[in-house]
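The values are calculated or read from the model by the stated rules, or taken from the named source; none is laboratory data. Keep in mind the model is a prediction, meaning the values are calculated, not measured. Positions of Cβ are backbone-derived with ideal geometry, glycine not excepted, and every protein chain shown enters the neighbour counts.
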Amino acid sequence: MRKNGVKMIKIKAKDVDVFYGKKQALFNISLDIEENQVTALIGPSGCGKSTFLRCLNRMNDVIDICSVKGEILINDFNINDKSCDVVRLREKIGMVFQKPNPFPKTLYENVSYGPTIHGMAQSKQEMDEIVETSLKKAALWEEVKDRLHEPGTGLSGGQQQRLCIARAISVRPEVILMDEPCSALDPIATAQIEELIDELKKEHTIIIVTHSMAQAARVSQNTGFFHLGQLIEHGSTDKIFKNPDNKKTQDYITGRFG
Amino acid sequence: MNKNKEQLLNKRYKAEQRFRLYGLSAIFMALLFLTIFIFKIFSTGYSAFQKTWLIVPVTFDAELMMLDQNPSKEDLQDADYYDIALKSMADLDPNANEDQENELKRMVSYFFEKEIKNELLNDPNLIGKTKEVYLTASDDLDQVFKGNYPRDLPEEQRRVSDYQLKIFDQLVANSKVESKFNISFFTNADSREAELAGIASSFMGSIFSILVCLMIAFPVAVLAAIYLEEFAPKNRFTDFIEVNINNLAAVPSIVFGLLGLGVLLAIFQLPRSTPLVGGITLSLMTLPTIIIAARASLKAVPPSIREAALAIGASRMQTTMHHTVPLSMPGTLSGTIIGLAQALGETAPLILIGMVAFVNTIPGSPMDPAASLPVQIYIWAESAERGFVEKVSACIMVLLGFLIIMNLFAQIIRHKFEKKWS
């Protein structure tokens, strides 16, 4: 989104290096991510796009041997700084995973969990509202409104993934990270999620990792191409797909490798 | 070429058939042993649940009991019942000489005086009247009635004399011998007399020990498992701890008994022979079992659930307490019950800390001396009296029942509460 013609930058990554033990997985990544836009990260398997995504909400902390260097500024605040509180960070940066991973609890509990632990609702009524709006935004409300107290694991794959999206947006994050959210879904469910992503970008900044170049072309405004741990090229999706600067990007887009 | 291939295929099918056969025969063998074992125990033990009573007419002669007219309750308590008890037994054979009277007395348990007293206390109006009273038969006659006694042995090799047998047979012929359900086996504590010995003391001892063991081992083990699995950094030190926990699980139980003896009794001066010390000793033994079970079930919680919770901003502690631990609980609990069942069947460490002592009172708390079921089996198996043979098997049946119930409970918890991952 542009304000007075100027791009608003939400996330600014500067010289990010990631190491798994002694092996370097990301080299010197610098990338700006625009606010209220969908940014797609594409590239062949093992190129580091998921690793980069997980840097943005510090999910790499969970992996003992993983270390991240460099600056990642979100709202001009360096999240790799010692003073950054991961709990607060992850409240602002939601995440949706490759495989739908609802909690083995009821639909209601799945969505209300985030607001509960962050103390976002004062009353049961407020919580009901949060759950309802989140499910509505995730385009799931109509399908599940009569069975909110049934287990979330009983839904179909596509519904589960939308439930996970509802769970992620329930805490009103500024950014939503999506790690191949459609790779376990059929084409119809995929289409629903893509439609949803388009809707969500009005309120959230979205970064999506995808294997499918068609998907990247459909949903994103900006695209970054990763290869062997390096960010080869990034820019507007139009440009990357139609007129890439780099030969490797060209080759990947046209299906010559990957 | 083609023929070769067919041969090869046939060979493969044959190999599979053979393998199935081996597996089936292994299962058959296991079942066979189990059946033999259970059959043996039941066939020896079932008779212990029956008890033989002699029905003897007793005359409550006030004079013999040294009672005044209109005696009070206290008088009845303090009265002398020995003479009327002796007399009623002697009256079974009016022609008995003094030796024979003695033998008649030994046909019932030494408890007979109390049984007669209880009869009168229940109904004070019996004074001066005659009533047929049920008296516990001696353990040898009990065995005679159950058909477990070798009557054809020469008299000098038997504890039951020909005279006693003669009188007993007369009583049987007059239907003055009855067999009833053996309540005292469950309500009495241990006794030197087989006909009076029961499992109440050891049963309560086992329950108290298990409770103490549970209360110590469960929280410690679960906390240790959670810390090791969810919070501890993975380094050499935690590897070392893990190896040692696994080693601890393999330590022979008697070593824990020595530890209990050397530390709990010698240094801390805790009361010996008590379920408290027994339970603490058993908890040391159960600890590694529960830790290993709890860690395994924590590991079985898919990492995606942890990631989901972390990604929405739950702290590590919240992720663990709200998601991982509840999801791992069914596995942890069934592991705990299996560990407790193991502890329940443990004998050696309890013998070392003195729970093998002869206890003829029923413990009211973990601080009272008690035996435990497996130790009771050991004590009775060592006793020479024929009456204890069936008691050993009966006690094993009770212990097995206890264990089966616990294992069943573990299975139910596992199946009912375990979440299915989609």
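Here is how the numbers come out for the structure above:
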item	result
Failed item, numbered, when A:T249 is tested on (1) of a type outside the set (G, A, S); (2) part of a helix (DSSP H, G or I); (3) out of contact with any strand residue (DSSP E or B) (no Cβ under 8 Å at 6 or more places or on another chain)	(3)
A:E194, sole failed condition from (1) farther than 25 Å from A:R88 by Cα; (2) among the acidic types (D, E); (3) buried (at least 22 other Cβ atoms within 10 Å of the Cβ)	(3)
Residue match in the stretch A:75-85 (condition: crowded, with 17+ Cβ neighbours inside 10 Å and either assigned to a strand (DSSP E or B) or at pLDDT below 90 (or both))	no
Single residue of B:R386, B:R306, B:R414 found to be in contact (Cβ under 8 Å) with a residue 24 or more places away in the chain and in contact with an Asp or Glu (Cβ under 9 Å, 6 or more places away or on another chain)	B:R386
Qualifying positions in the stretch B:251-304 - assigned to a helix (DSSP H, G or I) and hydroxyl-bearing (S, T, Y)	B:S253, B:T281, B:S283, B:T286, B:T289, B:S297, B:S304
The stretch B:225-243 residues that are within 14 Å of chain A (Cβ to nearest Cβ) and within 19 Å of B:P326 (Cα to Cα), paired with ones that are of a type in the set (A, V, I, L, M) and assigned to a helix (DSSP H, G or I) (beta carbon under 6 Å, 6 or more apart)	B:E229/B:L298
Search result, residues across the stretch B:370-385 that are part of a loop (DSSP other than H, G, I, E, B) and either of a type in the set (A, V, I, L, M, F, W, C) or surrounded by fewer than 19 Cβ atoms within 10 Å (Cβ to Cβ) (or both)	B:A370, B:A371, B:S383, B:A384, B:E385
Residue satisfying condition, being of a type outside the set (G, A, S) and within 33 Å of the chain's Cα centre (by Cα), within set B:L287, B:L310	B:L287
Condition met for B:G257 (assigned by TED's automatic domain parsing to the domain that holds B:L211 and out of contact with any Phe, Trp or Tyr (no Cβ under 8 Å at 6 or more places or on another chain))	yes
Residues (surrounded by fewer than 17 Cβ atoms within 10 Å (Cβ to Cβ) and farther than 22 Å from B:A217 by Cβ) located in the stretch B:338-364	B:A357, B:F358, B:N360, B:T361, B:G364
Hits in the stretch A:224-239 (condition: within 17 Å of A:S30 (Cα to Cα) and out of contact with any Gly (no Cβ under 7 Å at 6 or more places or on another chain))	A:G224, A:L228, A:Q230, A:I232, A:E233, A:G235, A:S236
Test result for B:R272, more than 14 Å from chain A (Cβ to nearest Cβ), farther than 20 Å from B:T320 by Cβ and among the charged types (D, E, K, R)	yes
Pick from the stretch B:276-306, criterion at the interface with chain A (Cβ under 8 Å from one of its Cβ atoms) and surrounded by fewer than 19 Cβ atoms within 10 Å (Cβ to Cβ), ranking: nearest to B:I338 (Cα to Cα)	B:P302
